[in-house]
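Chemist: The following block contains the structure, expressed as structure tokens.
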Amino acid sequence: MRKPVVGTAMGLGAALLLTAGMTTASATPPTPPAARAAVQHPVLVDCLWHQRFRPTDFLLACGDGNSILTGMHWTKWNDDTAVGQGVNVVNDCKPYCAAGKFHKYPVTVRLDRPTAWTKHPNVQHFTRMNLTYSDARPEGYTQVMSYPMWN
């Protein structure tokens, strides 16, 4: 007599999972046309391998989170280059990173050298980032810092 109860319970469980899966898929809104059009320009690839277009925040130190761009305002973003202003928030790691303090530095960000992204060859992504500090800068940094972006 227990076999029908177990079979019914398993059947109901499978039906619930199928319904939840269908509901989740149908509840996901389609990508708006404006967002699809925006991706046609080169993108910035973040630490989680997501395409970012004109991000307001961008993590530079993926491993430990000790450097991030915040409050970004982009004045230019085209097929060759992107330029924006924001703040680079950097941990001084004194006496060590877990006990360090974060400091804010105004910065101009320039992205360039777009190329096909290895993960998605039909998507162009910027491969170099230049940070130009307008005044103060983190200890050990030069006025202009250049970083290759991951591919």
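The numbers here are math on the coordinates, done by the rules we state, and not lab data. What you see is a predicted model, and the numbers here were worked out from it, not measured in a lab. Quick reminder, even Gly has a Cβ in these numbers, built from the backbone with ideal geometry, and neighbours come from all protein chains shown.
Chemist: Mind sorting 137, 52 by how few other Cβ atoms lie within 10 Å of their own Cβ, fewest first? Before the final figure, lay out each step's value.
Modeler: Details: 137 20, 52 15.
So the residues, fewest neighbours to most, are 52, 137.
Chemist: Let me ask you something else. Using the Kirkwood radius over Cα pairs, work out the Stokes-Einstein diffusion coefficient for segment 41-148 at 4 °C and 1.567 mPa s, in µm²/s as a whole number.
Modeler: Numbers: Rh = 14.4 Å.
It comes out at roughly 90 µm²/s.
Chemist: Can you put 80, 135 in order, fewest other beta carbons within 10 Å first?
Modeler: 135, 80
Chemist: How far apart, in nm, are two points set 7 Å out from the Cα along the Cα-to-Cβ line at residue 104 and at residue 57?
Modeler: 1.3 nm
Chemist: Still on this structure, please answer the following. What does the net charge come to around residue 73 if you take all other residues with beta carbon closer than 13 Å to its beta carbon, with K and R at +1 and D and E at -1?
Modeler: +1
Chemist: Return 125, 73 ranked ascending by Cβ neighbour count within 10 Å, so the fewest neighbours appear first.
Modeler: Placing the least packed residue first, the sequence is 73, 125.
Chemist: Using the Karplus curve 6.51 cos²θ - 1.76 cosθ + 1.60 with θ = phi - 60°, work out ³J(HN,Hα) for each residue of segment 106-115 in order, rounded to whole Hz, and write x for Gly and Pro.
Modeler: The phi angles translate into x, 8, 9, 10, 10, 10, 7, 6, x, 8 Hz.
Chemist: Pull out the extension gain between residue 136 and residue 123, defined as 0.36 nm times the separation in residues minus the alpha carbon to alpha carbon distance; nm, one decimal.
Modeler: Full extension from residue 136 to residue 123 adds 1.1 nm.
Chemist: What is the extension gain from residue 97 to residue 73, computed as 0.36 nm multiplied by their sequence separation minus the C-alpha to C-alpha distance, in nm to one decimal?
Modeler: 5.8 nm
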